[in-house]
Amino acid sequence: MPSWEGWWHFLKKVYFRAVMFDSARKKMVMEQILSRGVTDTQVLAAMRKVPRHLFVPLSCRSLAYADGALSIGDGQTISQPYIVAFMTQTAHVGSGSRVLEIGTGSGYQTAMLAEIANEVYSIEIIQALADQAVTRLAKLGYKNVKIKQGDGYKGWPEQAPFDAIMVTAAPLEVPSDLLGQLKVGGCMVVPVGDTYQDLRRITRTESGFEEESLMSVVFVPMVTEKKNENCSS
Ligand code: SAH
């Protein structure tokens, strides 16, 4: 059994680590998010709250609040914090929203959405990543999230329509099934293209869709179920 002294050192270490990550997160919001023009108060509060270090592998925890994407295994990445904040603000996610995310990955963006929205649905094509994200988000206490393994090109018709759809892997063209699952007035944010992509916001109107080009980004490709089987074999 550890001594009192052992426990004291352990608690001190846990406490200082929590304080350190907390201040790194506040600094991240100031220097990477606010300074680049994200001003939505709900997005900023969620960015300050969600512990990104618990969504990255242990080996790169010290980089969890750095200004970039990180590898999460299975050849996939957790997006740069600024891009997560920008996409959430751009999709007009609010407290009453039902949101669909394509590409759960680590579950970080899912947690961000769950902090703000009413209901979050997320689809991940790699079973192991979907399973890990389910466990991680349950441990963190998120109850308004449903995650499933599947092909995001098909969307989640049983739960449609959505106020916002956030695509966090890059298709070559805008997936038409997803457009059909947007509410009128709702919008989809999606990176479209090959190596470098054009981040677009597509808003559904009474008469059709309006498309805006926002910035150039780099996401992992949005694969099809068949291609994914080949990759992982
Ligand atoms: N939102 C994630 C980042 C995801 S990286 C995060 O915050 O961590 C993109 C993810 O999309 C990867 O996990 C990849 O496996 C997944 N993906 C790629 N193609 C997909 C598809 N057709 N359907 C669902 N998920 C897909």
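Please list 3J(HN,Hα) in residue order for region 191-204, calculated via the Karplus relation 6.51 cos²θ - 1.76 cosθ + 1.60 where θ = phi - 60°; whole Hz, with x for glycine and proline.
x, 10, x, 8, 5, 10, 10, 9, 7, 10, 10, 10, 10, 7
Return a single number: how many Lys pairs in region 4-217, at a sequence separation of 8 or more or on separate chains, have alpha-carbon atoms below 19 angstrom apart. Each step should come with its number before you reach the end.
Working: 26/49; 27/49; 49/139; 49/143; 139/148; 146/154; 154/183.
Taking the Cα cut-off of 19 Å, the pair count is 7.
Please determine, in degrees from 0 to 90 and to the nearest 10, the orientation of helix 81-90 with respect to the longest principal axis defined by the Cα atoms of the chain, where the helix direction is its Cα long axis.
40
Using Cα springs under 10 Å in a Gaussian network model of the chain, which residue among 11, 182, 54 shows the largest mean-square fluctuation?
Result for the chain, Cα springs under 10 Å: 11 fluctuates most.
Within region 36-75, whose backbone N sits under 16 Å from a point 7 Å along Cα→Cβ of residue 15?
It comes to no residues whatsoever.
If you put +1 on each Lys and Arg Cβ and -1 on each Asp and Glu Cβ, how big is the dipole of region 137-198 around its Cα centre, in Debye rounded to 20?
Numbers: 6 positive and 7 negative charges, 101 e Å.
The calculated dipole for region 137-198 is roughly 480 debye.
Taking 8 Å as the Cα distance limit and 6 or more residues as the minimum spacing, I'd like the relative contact order of region 4-217 as a percentage.
Details: 380 pairs, mean separation 29.1, N = 214.
That works out to 14 percent.
Placing +1 on the Cβ of each Lys and Arg and -1 on the Cβ of each Asp and Glu in region 1-159, which of 84, 63, 3 has its Cα farthest towards the positive end of the resulting dipole?
Checking the options against the dipole of region 1-159, the answer is 3.
Can you give the Kirkwood hydrodynamic radius of the chain from its Cα pairs, in Å with one decimal? Each step should come with its number before you reach the end.
Working: mean 1/r = 0.0546 Å⁻¹.
This gives a value of 18.3 Å.
Got a sec? Charge dipole of the chain, +1 on Cβ for Lys and Arg, -1 for Asp and Glu; which of 16, 94, 157 is way out at the positive end?
It is 16, whose Cα lies furthest towards the positive end.
Anyone know which of 61, 36, 25 comes out most mobile in the 10 Å Cα GNM of the chain?
Per the Cα network of the chain with a 10 Å cutoff, 36 tops the list.
Select from 105, 193, 208 the residue whose mean-square fluctuation is largest in a Gaussian network model of the chain (Cα-Cα springs shorter than 10 Å).
It is 208.
Using a Förster radius of 22 Å, what is the FRET efficiency between residue 207 and residue 92 based on their Cβ-Cβ separation? Nearest 0.05, please.
Values: r = 20 Å, r/R0 = 0.89.
The computed FRET efficiency comes out at 0.65.
Quick check on the chain: helices-only [θ] at 222 nm, where DSSP H runs of length 4 and up contribute -39,500 (n - 2.57) each and the sum goes over total residues. Nearest 500, please.
Numbers: 7 runs with 78 residues, N = 233.
Value at 222 nm, helices only: -10000 deg cm²/dmol.
Mind checking which of 43, 214, 140 is farthest towards the positive end of the chain's charge dipole, using Cβ charges of +1 (Lys, Arg) and -1 (Asp, Glu) about the Cα centre?
After comparing all options, I get 140.
What is the calculated FRET efficiency for residue 194 to residue 26, with r their C-beta to C-beta distance and R₀ = 30 Å, to the nearest 0.05?
That gives a FRET efficiency of 0.25.
Values in this text are rule-based calculations from the coordinates and carry no lab data. Predicted model only: the values in this text are computed from it and were never measured. FYI the Cβ positions are ideal-geometry reconstructions off the backbone, even for glycines, and counts take in every protein chain you see.
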